[in-house]
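Since the structure comes first, as structure tokens, the remarks are kept for the end.
Readers should treat all values here as calculations from the given coordinates under stated rules, not as data from a laboratory. Just so you know, these numbers come straight off a predicted model, no measurement behind them. Counting neighbours? That spans all protein chains shown, and the Cβs are built from the backbone with ideal geometry, glycine included.
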Amino acid sequence: MQSDGTVNRGAPLSAEALAAMPEHLASAWSESVRTLEPQAAVLVVDDHDVSRRLSVAILEREGFEALAVQNGFEALDLLERRLVDLVLLDQSMPGMDGLECCRRIRANRRTSLVPVLMVTSLRVEDHEDDAVAAGADELLSRPFTPETLRIRVRTMLRQKSVIDRLEEAESILFALATAVEQRDPCTSGHCERLAMYAVSLGTAMQLPHPQLLALYRGGYLHDIGKIGIPDSILFKPGPLNNQEWRVMKTHTLRGEEICRPMKCLQPVLPVIRGHHERWDGSGYPDGLLGDEIPLLARVMQIADVFDALTTERPYKAALTTREALRVMQHETDAGWHDPALVELFECLPHDLLRDTAHRDSTGWNSMDAMRDSLDRLRRAVG
Ligand SMILES: [Fe+2]
């Protein structure tokens, strides 16, 4: 509190300082914090009446919305109805203990990313492994001071907000990529089909999950650099001249630059940059040859070519799967594509995949939806 009676919103306030404050000033402080940032909701799960009330009091004094339940079953029930920003979870409870409750929170797609601060009356060193294995983010031993709880909760919420912002940024990039696609009505649905085909081929190659995720994201983001290409070139009805081609080819580098600042998109950058390279070195932007071309970029190129061939455009009809594969084989014989990948791609049940892509297209708007679809794809790929 400043000498003039105003609240210094920039400085943190300890629970003790808040407790020493007259009630009307304490509520003014709490109100000022609420207006600064959205009120975070913390769920306190504790069967012990006194410690539950104490935790709630500390959290509310910090300006959080504190929800309280007495056991793991009630916690899971509440989390089904509303999301919270953090769970403060007692490890030892009758019925369902904190470890089992934490495992179930992690197993539920809606709550799998909610931070869990496990509280134990036992020695942390003896139970840390169990807590971590159950999915807890932090373990706090009793007794703890209000200050300790405040710092832990604040720190964990700060980390969560960084992750939330990253997810938001990724969503914005996906929206941008979709906007690029929608500039051309002929390419509607191209990104999600590409994601589907690329992930299908990656699944058949038994690539690990992080690489499948990079292919999924690459399906959406591979052409995001076209946002910087003028309409006069992007939608030119006739063939491009040399200068226009030079500009068009820059979409790979522009796309890489757009996505480079995001750490989680680092595995996608080679896909964006390299999806127009050719096996014989005649592609762009780097003229890479054979294995020099990043593997995921080679996968994406095959998905891209297949989708272009099997999609109707104003200047051409859509080829059937069989016709498209024949064209791709000719191109492979001419040296354009990785022969081993094309051979594997030819073995995929494309009609089935296309049906799956159409059926799932509206649902592929989140990582969770993608994981569900992957299970179906694995069955389709066989
Ligand atoms: Fe492209």
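Summary of computed values
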| read-out | value |
| --- | --- |
| Chymotrypsin sites (Phe, Trp or Tyr not before Pro) within region 198-256: DSSP coil, no more than 16 neighbouring Cβ in 10 Å | Phe235 |
| Spacing of the two label points (7 Å from each Cα toward its C-beta) at Leu122 and Lys236, in nm | 7.1 nm |
| Low-density loop cleavage sites - GluC sites (Glu not before Pro) in region 283-355, where at most 12 other Cβ are within 10 Å (DSSP) | Glu312 |
| Set of lysines near Lys249 by C-alpha distance (under 21 Å), chain-local residues within fewer than 8 positions excluded | Lys226, Lys236 |
| Burial ordering of Cys264, Cys102, fewest other beta-carbon atoms within 10 Å first | Cys264, Cys102 |
| Cleavage-rule hits, trypsin sites (Lys or Arg not before Pro), region 94-157, DSSP coil, Cβ neighbours within 10 Å at most 16 | Arg109, Arg110, Arg123 |
| Sites Leu83 and His209, calculated FRET efficiency, Cβ-Cβ separation with R0 30 Å, nearest 0.05 | 0.75 |
| Proximal lysines to Lys263, defined as alpha-carbon separation beneath 17 angstrom and excluding residues fewer than eight positions away on the same chain | Lys160 |
